[in-house]
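First comes the structure, then the notes that go with it.
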Amino acid sequence: MKTKTFLLLCLFLGIGLTQISAQKNKTYPYVVPIEGNTYIISIVCDGVEVDQLSYPDYYDLKERDHYKDNVIKWAKGFVTNAQYTSILTGEVFKTNDIESITFSTGILVWHMNLNGNMGNHYNIKMVYDIATWTLLEYESNCH
């Protein structure tokens, strides 16, 4: 009887502690539908602007926000199956975008992997200060 009581006590303590810790540290997934974005992405390679891409009219941003001790610590967003269009050539680019924000530093890092239907391939990394949305860093590889 003592063994059963001990095992049940351990089980209930385990469940209780799991529930308490889950409330303090949790990641929340959600989807944000984006419409009417007029942002233009300038593609710069070797110091020269080679292209300008417009955002799609509509896409979904799959987001995850992570909280620790009930305070948001980071967020990650994913854009998949969106198509950017070159303003200069009309080339259509499929993309995999990853955005990550670290709230303690106030920095957003945005990675883009763009593959065009005319053979262009761009890898872009942009770093923003989220307080002012100032572009702090821009790196690109053009293939």
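The values are calculated or read from the model by the stated rules, or taken from the named source; none is laboratory data. Since we're looking at a predicted model, the values are computed, not measured. Note: ideal-geometry Cβ built from the backbone for every residue, glycine included; neighbour counts use all protein chains shown.
Things worth noting here:
- Number of positions in the range 38-64 that are among the small types (Gly, Ala, Ser) and either farther than 14 Å from Met112 by Cα or in contact with a Cys (Cβ under 9 Å, 6 or more places away or on another chain) (or both): 1
- Checklist (1) modelled with pLDDT of 90 or more; (2) under 20 Å from the mean Cα position of the chain (by Cα); (3) under 19 Å from Leu114 (Cα atoms); (4) of a type outside the set (D, E, K, R) applied to Ala82, failing item: (1)
- Candidates Asp65, Asp57: the one that is modelled with pLDDT under 90, under 21 Å from Val31 (Cβ atoms) and of a type in the set (Asp, Glu) is Asp57.
- For the range 72-112, a tally of residues being in contact (Cβ under 8 Å) with a residue 12 or more places away in the chain and farther than 17 Å from Glu137 by Cα returns 26.
- Residue satisfying condition, being in a strand (DSSP E or B) and closer than 16 Å to Leu53 by Cβ, within set Tyr128, Tyr138: Tyr138
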